[in-house]
Amino acid sequence: MNRLHTLLVSALLLALATPLAAAPTKDKAKQTNKKLYCWNEGGQKVCGDALPAHAIDSARTEISARSGLTTRQVDRALTAEERVAAEQAARAARSAAMAEEARKRRDHAMAESYATEQELRDSFQERIILLDETVKASQLGIDGRRQTLLSLLRRAGEAELGTKPVSKTLADNIRHQHEELMHQQDMLKQQLLERSVADDDLAAALERYHGMKARRPNQG
């Protein structure tokens, strides 16, 4: 009976001693992971073992309390305007990267598609001829529209000189012809602009073509 009593007492003491023995280990681990925080506040450097709520968005340095070494640098939180600007810059960078990748694909396709410089020139010449024909057609259309408008205006002027009212049909026709003339003139300006840069586009394409061929000396 005494032996059983002794075993029960020993087991009880062991159970009570285990948490007490584990506590220093847990406290030691907690002490090891403890950090210090340093941030600027009112132009002064402030450090503490806890980060106050008003400093959450501030730039800060985190330091190991055990080793005294910096473990992390945290930048301040961006303002709403800064976040918008950062997102716009990121989108612009992605767009630029995509444009550069597209240019590389075009250059590669160009080097693969045209065996000689003359083939490339002929390809651009087809575009230039088409632009010239488009410009010529637009100019003819504008001349015809202008003549029609002048004829309608002459009729309206004659009616007014004869003290007759200008009919609604004639007035609407004049307004429509004028709007169409303005529209065709705007289109012609765009076509002339495209034609003016066609030669520059050809020169740039030839430069890229020569560059691609120079990097691939063993092919055509």
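Here is the figure for region 109-122: residues that are part of a loop (DSSP other than H, G, I, E, B) and surrounded by fewer than 12 Cβ atoms within 10 Å (Cβ to Cβ) total 2.
Any residue in region 160-178 that's under 16 Å from Q147 (Cα atoms): show its pairings with residues that are part of a helix (DSSP H, G or I) and among the hydroxyl-bearing types (S, T, Y) at Cβ separation under 7 Å, as long as the two are six or more apart or on different chains. Here the result reads Q177/T148, each pair linking region 160-178 to a residue that is part of a helix (DSSP H, G or I) and among the hydroxyl-bearing types (S, T, Y). Regarding region 53-63, can at least one residue be identified that is surrounded by 12 or more Cβ atoms within 10 Å (Cβ to Cβ), of a type in the set (D, E, K, R) and touching a residue at least 24 places away in the same chain (Cβ under 8 Å)? The answer is yes, given that some residue of region 53-63 is surrounded by 12 or more Cβ atoms within 10 Å (Cβ to Cβ), of a type in the set (D, E, K, R) and touching a residue at least 24 places away in the same chain (Cβ under 8 Å).
Every residue, every condition in (1) modelled with pLDDT of 80 or more; (2) farther than 30 Å from Y209 by Cα, yes or no:
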residue: A86; (1), (2): no, yes
residue: S113; (1), (2): no, no
residue: D122; (1), (2): yes, no
residue: E133; (1), (2): yes, no
residue: L149; (1), (2): yes, yes
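Given the structure, is V9 in a helix (DSSP H, G or I), open to solvent by 60 Å² or more (accessible area, probe 1.4 Å), at pLDDT 65 or above and among the β-branched types (V, I, T)? Considered against the rule, which asks whether it is in a helix (DSSP H, G or I), open to solvent by 60 Å² or more (accessible area, probe 1.4 Å), at pLDDT 65 or above and among the β-branched types (V, I, T), V9 comes out as no.
Every residue, every condition in (1) open to solvent by less than 90 Å² (accessible area, probe 1.4 Å); (2) out of contact with any Cys (no Cβ under 8 Å at 6 or more places or on another chain); (3) assigned to a helix (DSSP H, G or I), yes or no:
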site	(1), (2), (3)
F124	yes, yes, yes
I128	yes, yes, yes
V135	yes, yes, yes
G141	yes, yes, yes
L152	yes, yes, yes
R155	no, yes, yes
T163	no, yes, no
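If I filter region 71-81 for residues that are in a loop (DSSP other than H, G, I, E, B) and either under 30 Å from A214 (Cα atoms) or modelled with pLDDT of 80 or more (or both), do I get at least one hit? Checked region 71-81: at least one residue is in a loop (DSSP other than H, G, I, E, B) and either under 30 Å from A214 (Cα atoms) or modelled with pLDDT of 80 or more (or both).
Check whether at least one residue in region 175-184 is more than 20 Å from E126 (Cβ to Cβ), open to solvent by less than 80 Å² (accessible area, probe 1.4 Å) and among the acidic types (D, E), and report yes or no.
Yes, region 175-184 contains a residue that is more than 20 Å from E126 (Cβ to Cβ), open to solvent by less than 80 Å² (accessible area, probe 1.4 Å) and among the acidic types (D, E).
Flag: A99 does not match the condition of being modelled with pLDDT under 80 and surrounded by 11 or more Cβ atoms within 10 Å (Cβ to Cβ).
The values are calculated or read from the model by the stated rules, or taken from the named source; none is laboratory data. Quantities reported herein were computed from a predicted structural model and do not represent experimental measurements. Please note: Cβ atoms are built from the backbone with ideal geometry, for glycine as well, and neighbour counts cover all protein chains shown. The accessibility values were calculated without ligands, DNA or RNA, using every heavy atom of the protein model including side chains. Shrake-Rupley method; radii C 1.70, N 1.55, O 1.52, S 1.80 Å.
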